[in-house]
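Student: Input: one structure, supplied below.
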Amino acid sequence: MSEDRYQKGLEYLEKMNPDSFKVLEKNLEDVAPDMARYVAEFAYGDIYCRPGLDFKTRELVTIAAITTLGSAQTQLKSHIHGALNVGCTPQEIIEVIIQMAVYAGFPKALNGLFSANEVFTERKEKLDE
């Protein structure tokens, strides 16, 4: 059962943002290697793979939630990359983050927008290379 969950999670991560998960695994290998597996199994193998929402919707909801935290910029950027990888537009991402100003406050929404801009710039630079 656990291996099936892990494989399902890896399949989703491969579609969404394979580089992000590889970085997570690398960063955790010396301190808590099991944590990367838990992320793949639970977050992606159990939750993200549920029926009812498509990849784009799941990523937009995740961006909204992380924006409201205001303290998880690394994860926010990863999910912005993921959202773009599954077909979200920069405008959809921006609108979701702006919407969070109502619920989380302007500082958190602004920080979210700054993170989005960093991702958009990074991706544009890669395209220009």
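Student: Would you mind working out the accessible area per residue for the chain, using a 1.4 Å probe, and quoting it in Å²?
Tutor: On the way: 7830 Å² over 129 residues.
Accessible surface, normalised per residue, equals 61 Å².
Student: Can you pull out the GluC sites (Glu not before Pro) in the stretch 27-117 whose DSSP state is coil and whose Cβ has at most 12 other Cβ atoms within 10 Å?
Tutor: On the way: sites: GLU29, GLU41, GLU59, GLU92, GLU95; in loops: GLU29.
Answer by residue number: GLU29.
Student: Still on this model: Please compute the modelled spin-label separation between GLN99 and LYS15, points set 7 Å along Cα→Cβ, answer in nm with one decimal.
Tutor: 2.1 nm
Student: When N is the residue count of the chain, what does its C-alpha Rg come to as a fraction of 2.2 N^0.38 Å? Intermediate results must be reported in sequence, preceding the final value.
Tutor: Details: Rg = 14.9 Å, N = 129, 2.2 N^0.38 = 13.9 Å.
Expressed relative to 2.2 N^0.38 Å, the Cα Rg reads 1.07.
Student: Considering the dipole of the chain built from charges on the beta carbon (Lys and Arg +1, Asp and Glu -1) around the Cα centre, which of ASN85, PHE120, THR57 is farthest to its positive end?
Tutor: THR57
Student: Which percent of the accessible area of the stretch 2-86 is formed by carbon and sulfur heavy atoms (probe 1.4 angstrom)?
Tutor: Working: 2640 of 4740 Å².
Accessible surface attributable to carbon and sulfur in the stretch 2-86 totals 56 percent.
The values are calculated or read from the model by the stated rules, or taken from the named source; none is laboratory data. The model shown is predicted, which means the values in this text are computed figures rather than measured ones. Cβ sites come from the backbone with ideal geometry, for glycine too, and all protein chains shown count toward neighbours. Side chains included, ligands, DNA and RNA excluded: accessible areas come from the protein's heavy atoms. Shrake-Rupley method; radii C 1.70, N 1.55, O 1.52, S 1.80 Å.
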